[in-house]
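Asker: Got a structure here, written out as structure tokens. Questions coming.
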Amino acid sequence: MKSILAAVVLLPTAAGLAASLLPALATEAWTALFATPGLGASVALTLRSGLIATGLAFLTALLIANRRGARVWPPLLALPHGAAAVGLAFLIAPSGWLARLLAPVFGWTAPPGAVTVGDPFGAALILGLWLKETPYLLLSVLAALAQADAEAKLRAAASLGMPRMQAWGRVILPLIWPQLRLPLCATLAFALTVVDMALILGPSTPPTLSVQVLRGFADPDLARIPQACAGAILLAGLTALCLLPIALIRRPRLRLPDWNPAPALAMLATAMLASLLLWSFATTWRFPQAFPDALTLANWQNHTPGREAITTLGLGLATTVLALLLSISHLHAAGRAGQGLRALLHIPLLLPQIGFLFGLQILLLRLDLAGTAAAVILAHLLFVLPYVVFALADPWQALDPRLAYGAASLGAGPLTTLRRVILPLLRQSITAAAAIGFAVSCTLYLPTLFAGQGRIATLATETVALASGADRRIVAVTALAQAGLPLAGFLFVATPLRRRKLQA
């Protein structure tokens, strides 16, 4: 199983990275890259937005996790990046819902002239990344806390006269830091290299470095490909430099403020979703009206992206089933012995997607697979499989090994033990991992774009394509359709679990 996992994840990643690296070896590629107008501003924007957003998200996750009864809000966790970016843009744009609500206060009869989406500093992009990164980091912090017996240590610190927030930053954080290092690195790598949110919320002149590289790859002039490859390598180097301090820090200590950001986060997320809902049902909505003239189902009836939704559903289900089969087979065969390989599965999450997906596209073209569903499933599997494996690893290792020994003593073989003993006990964890994997697949933009060669349209690619200038009502319908699929997956998992708790 180790060789299968390596073949599925590590080999395509390494081959794609090598294929992207080769064109960048030419001196002319780097000369052309460094002569690109606005390159310094693109690099500064990339570093500024990625570092600030990840720092805010990590601090927010720690502050929320410190509260008793802290939990992750499922709709925000399930909300895809493209849909979240569209919802935020609809809320904070000069003609957005927030400006409409404030128009009577300030006497606005036309949208204000402030640049709130696509601003040069990247504030809108930072806000969107902060909103989307916080739930994942909060989930990672809560999972680490569950293994650390944090409340007992906080009580011990309180008995010594240490305030709760000080104890959290000086005692609990160093304790759970080893479990947070990889999720934090993956989050920062994503923030530095994100494309779909940067296309919707970030500035366009100049854009972030990842968007600039994507434009180079999409340019009809093939002479720009080596320059784009050099940009991808530059982005990978910048990402590695930013991740290095996280990898080197051993026992971080922070002075945490006594503030609960959860209400503000929930209010912002609720306002985003409400804005999307209003636009998806709106008939006419002129500025400065706070609400549409009327609501109608016609937008959904006429513009629901049915074909894209079916494609997204099919790709997500196929990828998730494959990821589950590979994860269960690996964990059953390797157990704790496979921890080193599971750590290596993070590599696709730590590398800039655009840094190796172009090379993977070249390999798929040579194999005559580019533009097929199989190619897109393979590209999705690179990112879905790590999440599914890590979602199942801790529950699997928490199983009492005597259960398997007992089944073996009764004559059950490995497959029978897996089917009759282990899988029923882990049903809840498996369904949760499936929901996570499906949600990840529904959000993937670049893997679909490169592996599908633009021939396979999903809700993720359609949302980004429409966000650049289509009718807001159509964009809202598409964004909500994209958000609805992963949310339905989480609800499908949560409803039976809640019913069983009530029956117990």
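The values are calculated or read from the model by the stated rules, or taken from the named source; none is laboratory data. This one's a predicted model, so the numbers in the text were calculated from it and none came from an experiment. So basically every Cβ, Gly included, is an ideal-geometry build from the backbone, and we count neighbours across all protein chains shown. SASA here: full protein model, heavy atoms, side chains in, ligands and nucleic acids out. Shrake-Rupley method; radii C 1.70, N 1.55, O 1.52, S 1.80 Å.
Asker: Which is within 30 Å of GLY118 (Cα to Cα), touching a residue at least 40 places away in the same chain (Cβ under 8 Å) and open to solvent by 40 Å² or more (accessible area, probe 1.4 Å), of LEU139, LEU214, LEU235, LEU188?
Answerer: Every option except LEU139 fails the conditions.
Asker: Another question about this same structure. All but one of (1) farther than 26 Å from GLY216 by Cβ; (2) out of contact with any helix residue (DSSP H, G or I) (no Cβ under 9 Å at 6 or more places or on another chain); (3) at pLDDT 95 or above hold for LEU88, so report the exception by its number.
Answerer: Condition (2) is where LEU88 drops out.
Asker: Just for the range 61-106: of the residues that are assigned to a loop (DSSP other than H, G, I, E, B) and touching a Gly at 6+ places or on another chain (Cβ under 8 Å), which one is surrounded by the fewest Cβ atoms within 10 Å (Cβ to Cβ)?
Answerer: Per the criteria, the residue is PRO94.
Asker: Next up: Out of PHE287, PHE281, report the one residue that is over 11 Å from TRP97 (Cα atoms), over 24 Å from the mean Cα position of the chain (by Cα) and surrounded by 14 or more Cβ atoms within 10 Å (Cβ to Cβ).
Answerer: PHE281
Asker: Moving on. Being of a type in the set (A, V, I, L, M, F, W, C) and assigned to a helix (DSSP H, G or I): is that true of LEU234 here?
Answerer: yes
Asker: Also, I was wondering about something else. Restricting the search to the range 433-459, which residues are of a type outside the set (A, V, I, L, M) and either out of contact with any helix residue (DSSP H, G or I) (no Cβ under 6 Å at 6 or more places or on another chain) or part of a helix (DSSP H, G or I) (or both)?
Answerer: Selection gives GLY437, PHE438, SER441, CYS442, THR443, PRO447, THR448, PHE450, GLY452, GLN453, GLY454, ARG455.
Asker: Quick test for you: out of ALA158, ALA144, ALA152, pick the one residue that is in contact (Cβ under 8 Å) with a residue 24 or more places away in the chain and hydrophobic (A, V, I, L, M, F, W, C).
Answerer: Result: ALA144 is the single residue among ALA158, ALA144, ALA152 that is in contact (Cβ under 8 Å) with a residue 24 or more places away in the chain and hydrophobic (A, V, I, L, M, F, W, C).
Asker: Considering only residues that are more than 18 Å from VAL171 (Cα to Cα) and not aliphatic (A, V, I, L, M), look in the range 245-265 and name the one that is surrounded by the most Cβ atoms within 10 Å (Cβ to Cβ).
Answerer: My answer is PRO261.
Asker: Condition first: under 30 Å from MET272 (Cα atoms), in contact (Cβ under 8 Å) with a residue 60 or more places away in the chain and part of a loop (DSSP other than H, G, I, E, B). Can you find one or more residues in the range 20-30 that meet it?
Answerer: For the range 20-30, residues under 30 Å from MET272 (Cα atoms), in contact (Cβ under 8 Å) with a residue 60 or more places away in the chain and part of a loop (DSSP other than H, G, I, E, B): absent.
Asker: Could you go through the range 331-342 and let me know if any residue there is assigned to a helix (DSSP H, G or I) and modelled with pLDDT of 90 or more.
Answerer: no
Asker: I've got another one for you. Can you find, within the range 381-432, the residue that is nearest to ALA343 (Cα to Cα) among those that are open to solvent by less than 70 Å² (accessible area, probe 1.4 Å), at pLDDT below 75 and not in a helix (DSSP H, G or I)?
Answerer: Only one residue tops the list, namely ASP400.
Asker: Of (1) without any contact (Cβ under 8 Å) to a residue 24 or more places away in the chain; (2) surrounded by 15 or more Cβ atoms within 10 Å (Cβ to Cβ), THR116 satisfies all except one. Which?
Answerer: Every condition holds for THR116 apart from (1).
Asker: Restricting the search to the range 440-467, which residues are open to solvent by 20 Å² or more (accessible area, probe 1.4 Å), among the small types (Gly, Ala, Ser) and more than 18 Å from LEU91 (Cβ to Cβ)?
Answerer: Passing the criteria: GLY454, ALA457, ALA465.
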